[in-house]
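Right, one structure below, let's go through it.
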Amino acid sequence: MIVAFLNQKGGVGKTTLALNLAGEWAGKGKRVTLVDADPQGSALDWSQQRAREGVPRRFGVVGLARDTLHREAPELARDADHVVIDGPPRVAGLMRSALLAADLVLIPVQPSPFDGWASAEMLALVAEARIYRPELVARFVLNRCGARTVIARETAETLADHDPPVLTSTIGQRVAFAAAAQSGRLVCELDDADLATREIAALATAIERLGVGRIAS
Ligand SMILES: Nc1ncnc2c1ncn2[C@@H]1O[C@H](COP(=O)(O)OP(=O)(O)OP(=O)(O)O)[C@@H](O)[C@H]1O
Ligand SMILES: [Mg+2]
């Protein structure tokens, strides 16, 4: 399966969720490749930081921030059970290419009612990609849900009928995500990050249950 984390809005958790999801699958013995499609190269930076800290590699990270991504992705997918794309911010060409490459697009959003969710432009790009790829599946992922989880739940319920729908599994606002990223690690590699680790495992399960693409068993 090729899953892409996309949102033109910055800082919503694309890189965080992409890295931790890739790590979760790799930890279960899947062959995983993470594609850094962001010219800023945050996922590549993370993997270099990881190497500096002497933490063993779990999955490969390749930089492919170009709009030929959709033509190169199938080859990457041949050698992996899962390809996870960490998407670019605000670059329509790169975004289009990532959407054409993906079986599943996940749009991280913060569950604030004032947050504006994904831009109309982002949703228009998803709609456009579906003209060529009707089988493309898209879901919002609620990230950084606060202690006021009731709000998050209400938001999820409000959006359940929306297109794209909201993934049932949500991710909380947890310092572990930032702490792990800074040290080239995943939340499952930290002490005291059980909640974050469980949320990522639940996210992986929710994604697998969507039954998208060629899911390796
Ligand atoms: N669930 C979370 N809890 C706490 N901090 C989080 C969470 N998700 C992301 N963050 C933090 O928020 C910041 C932005 O996250 P991240 O870099 O993953 O977003 P992004 O969408 O990839 O941003 P960009 O558009 O710049 O690539 C980072 O410092 C990250 O550690
Ligand atoms: Mg990023």
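The values are calculated or read from the model by the stated rules, or taken from the named source; none is laboratory data. Quick caveat, the model's predicted, so the values are computed rather than measured. Backbone-built Cβ (ideal geometry, glycine too); neighbour counts: all protein chains shown. Remember, those area values only see protein heavy atoms, side chains included, never the ligands or the DNA or RNA. Shrake-Rupley method; radii C 1.70, N 1.55, O 1.52, S 1.80 Å.
For the reader, a short list of remarks on this structure follows.
- Check on Val55, touching a strand residue (DSSP E or B) at 6+ places or on another chain (Cβ under 6 Å) and either under 17 Å from Val187 (Cβ atoms) or within 14 Å of ligand 1 (Cβ to nearest atom) (or both): no
- Residues that are within 12 Å of ligand 2 (Cβ to nearest atom) and closer than 20 Å to Ser183 by Cβ, drawn from segment 1-28: Gly11, Gly13, Lys14, Thr15, Thr16, Leu17, Ala18, Leu19
- Inspection of segment 129-138 identifies no residue that is assigned to a helix (DSSP H, G or I), touching a Cys at 6+ places or on another chain (Cβ under 6 Å) and modelled with pLDDT of 90 or more.
- Selection within segment 180-209: residues that are without any contact (Cβ under 8 Å) to a residue 24 or more places away in the chain and within 18 Å of the chain's Cα centre (by Cα). The member of this set that is nearest to ligand 2 (Cβ to nearest atom) is Thr197.
- Residues of segment 79-96 classified as away from ligand 2 (no atom under 16 Å from the Cβ) and either at pLDDT 95 or above or within 17 Å of the chain's Cα centre (by Cα) (or both), total: 5
Residues are listed down the side, and each one gets a yes or a no for (1) surrounded by 17 or more Cβ atoms within 10 Å (Cβ to Cβ); (2) touching a Ser or Thr at 6+ places or on another chain (Cβ under 8 Å):
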| site | (1), (2) |
| --- | --- |
| Ile2 | yes, no |
| Gln8 | yes, yes |
| Gly13 | yes, no |
| Asn20 | yes, no |
| Gly23 | yes, no |
| Arg31 | no, no |
| Asp38 | yes, yes |
| Gln48 | no, no |
| Arg52 | no, no |
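- Those residues of segment 29-43 which are within 10 Å of ligand 2 (Cβ to nearest atom), of a type outside the set (D, E, K, R), touching a strand residue (DSSP E or B) at 6+ places or on another chain (Cβ under 6 Å) and not in a loop (DSSP other than H, G, I, E, B), in sequence order: Ala43
- Consider segment 148-169 and keep the residues that are open to solvent by less than 50 Å² (accessible area, probe 1.4 Å) and under 22 Å from Thr16 (Cα atoms). The one that is modelled with the lowest pLDDT is Ala152.
- Put simply, of Leu99, Leu106 the only residue that is open to solvent by less than 30 Å² (accessible area, probe 1.4 Å) and either under 26 Å from Ala196 (Cβ atoms) or within 13 Å of ligand 2 (Cβ to nearest atom) (or both) is Leu106.
Matching residues to (1) near ligand 1 (Cβ under 8 Å from one of its atoms); (2) among the polar types (S, T, N, Q); (3) at pLDDT 95 or above:
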{"site": "Ala4", "(1), (2), (3)": "no, no, yes"}
{"site": "Gly11", "(1), (2), (3)": "yes, no, no"}
{"site": "Lys14", "(1), (2), (3)": "yes, no, yes"}
{"site": "Leu17", "(1), (2), (3)": "yes, no, yes"}
{"site": "Glu24", "(1), (2), (3)": "no, no, yes"}
{"site": "Gly27", "(1), (2), (3)": "no, no, yes"}
{"site": "Val35", "(1), (2), (3)": "no, no, yes"}
{"site": "Leu44", "(1), (2), (3)": "no, no, yes"}
{"site": "Ser47", "(1), (2), (3)": "no, yes, yes"}
